[in-house]
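Structure record follows, encoded as structure tokens.
None of the figures in this text is laboratory data; all of them are computed from the coordinates on show. Just so you know, these numbers come straight off a predicted model, no measurement behind them. Cβ coordinates were reconstructed from backbone atoms using ideal geometry, including for glycine residues, and neighbour counts include every protein chain displayed.
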2 protein chains.
Amino acid sequence: MTSRRLYELVLANGVSASPFVWRVRYALAHKELPFESVPIGFTDIPKVFGDRCKTVPVLAEGDAMVVDSWEIVNYLERAHPDRPALFSGPAEYAMVRLFDVCFFADIIRKFFSLYALDIHDSARPEDRTYFRESRERRFLKGTPLETYVAGREARLPAVREALTPLRLQLARGPFLGGATPNYADYIAFGLFQWVASVSTLPLLAKDDQQLLSWLDRMAGLYGGLGRDPRMKPLFEG
Amino acid sequence: MTSRRLYELVLANGVSASPFVWRVRYALAHKELPFESVPIGFTDIPKVFGDRCKTVPVLAEGDAMVVDSWEIVNYLERAHPDRPALFSGPAEYAMVRLFDVCFFADIIRKFFSLYALDIHDSARPEDRTYFRESRERRFLKGTPLETYVAGREARLPAVREALTPLRLQLARGPFLGGATPNYADYIAFGLFQWVASVSTLPLLAKDDQQLLSWLDRMAGLYGGLGRDPRMKPLFEG
């Protein structure tokens, strides 16, 4: 059997914490490809990979090392045509990539505006300074994380409203992909897993039945792959 | 041969002017189904249809009358399985509907904030009072169209920025659907045709090559279905 390792971003409590890692975990489960998880922290990445890559997920399989979640997905489809396909064909693939640039890119920014400090506080102690300095410099023009998230409760209604497209889609079927989950579900669910791994502010109202049912369905897939008692509740009360 | 009529929204200059009609026009062309266009103005809808429907497009084919663009698309796929399919399967269909609620819903609001008064001014004279009163009451809480669009030039950069997901997708292939156009292309292109039918403010910068090339490719499909000399330029200069 080929050795297959997935390098994942880990927090102080041991939870996997990247929306990009979560989508790949689900992709591997979808394709029925078991893997060994290699949890590393933010500051381990250069130690482990040197200049070869700056982000996780990284998939190592036999002699192959694949960086970037879309590259990993493309590799998996190519290398394992005998396993369940992630995409029914090029049109579905193109549409999922379109969803990724339309929806995910917008929502990850909105979630970051609520949870940037929670991520910092949940990181391993030795990763916190790096996380703070790199994020404040790269994304926040030097604004401290504390200032950036201040007053976040007031922004919560607008973020919840931005999730309306998911609710509209889920009113038509149990998954974003329709009757069965597809990679769009894995992309979107990864965002919520990321929040649940760090959150100190419930993201959703407890009566958000459309989304909460879907989150529960998603967490239950592949033997409960998304369930982890160390995660925080995504809804109030 | 079955008679097939598409009821379309028409402006004073005779141009078809609804983003929802345009997507259906392309769907009919994709399926190689010829149709007779029936141009009607805003205030003709109750005269023609009574209580049966309040919006166009409406497709009449034989004894069937189908209202709403998605209902029409579903009907066409069901009624004409011998013609080229609009969707490769249920997963692509689900993904295109997701694009419709994620992207289209947001962009149509942004475009309306730039062009609401242009639509009014382009409508047939007998439709203008109805358009103004219904839109100001329904969408603008009584704000006059003139006030609503005032200072629109300042909002143009943000609207252009909101089109970035299309550019990112088009960097990967000639159409949103990949190597060939799909219904996501028709949905998005319909928005631009709507703007081009009324615009007095160029939407795009002239160096927006990614989008301009795609618009040109889209307009040229099906014998130049999207080209109309009465339309306004979408870019500056």
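Laid out as a table, the results:
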read-out: Beta carbon of chain A nearest to the axis of the rotation taking A to B, residue and angstrom distance; value: A:MET95, 2
read-out: Charge dipole magnitude, Cβ of K and R +1, D and E -1 - chain A, Cα centre, debye nearest 20; value: 280
read-out: Cα→Cβ-extended label distance, 7 Å offset, between B:THR200 and B:PHE139, nm; value: 1.8
read-out: For A:VAL38, residues with placed amide H under 5 Å, excluding near neighbours; value: A:LEU6, A:TYR7, A:GLU8
read-out: Inter-part distance where the stretch B:80-136 and the stretch B:177-237 are each reduced to a Cα centre, Å; value: 14
read-out: Those trypsin sites (Lys or Arg not before Pro) in the stretch B:36-125 that DSSP places in a loop and that have at most 13 other beta carbons within 10 Å; value: B:ARG52, B:LYS54
read-out: Label 7 Å beyond Cα on the Cβ vector: B:GLU153 copy-to-copy distances, nm; value: 4.4
read-out: Note, ³J(HN,Hα) from phi for the stretch B:197-205, Karplus 6.51, -1.76, 1.60, rounded to Hz, x at Gly and Pro; value: 7, 10, 4, 10, 9, x, 6, 10, 6
read-out: Ascending list, in nanometres, of distances separating the A:GLY62 label from those of the other copies (7 Å, Cα toward Cβ); value: 5.4
read-out: Exposure rule at most 13 other beta-carbon atoms within 10 Å, DSSP loop GluC sites (Glu not before Pro): chain A longest free segment; value: A:33-235
read-out: Karplus-derived HN-Hα couplings along the stretch B:60-74 (A = 6.51, B = -1.76, C = 1.60, θ = phi - 60°), whole Hz, x at Gly and Pro; value: 10, 9, x, 8, 7, 10, 10, 10, 5, 4, 5, 4, 5, 4, 4
read-out: Relative contact order, percent, the stretch B:90-224 [alpha-carbon distance under 8 Å, six or more residues apart]; value: 29
read-out: The stretch A:31-37 - phi-based ³J(HN,Hα) in whole Hz, Karplus 6.51/-1.76/1.60, Gly and Pro as x; value: 8, 6, 10, x, 8, 9, 8
read-out: Among A:ALA184, A:ASN74, A:ALA154 the positive-end extreme of the charge dipole of chain A (Cβ point charges); value: A:ALA154
read-out: Long-range HN-HN contacts of A:GLY178 with modeled amide H, under 5 Å; value: none
read-out: Pairwise label distance in nanometres, B:ALA105 with B:THR180, each label 7 Å out on the Cα-Cβ vector; value: 3.0
read-out: DSSP-assigned coil residues among trypsin sites (Lys or Arg not before Pro) in the stretch B:144-237, each with at most 14 further Cβ atoms within 10 Å; value: B:ARG172, B:LYS206, B:ARG227, B:ARG230
read-out: Across the identical copies, how the A:VAL38 labels are spaced - nm, sorted shortest first, 7 Å along Cα→Cβ; value: 6.7
read-out: A:ARG83 long-range amide H proximity, modeled H, under 5 Å; value: none
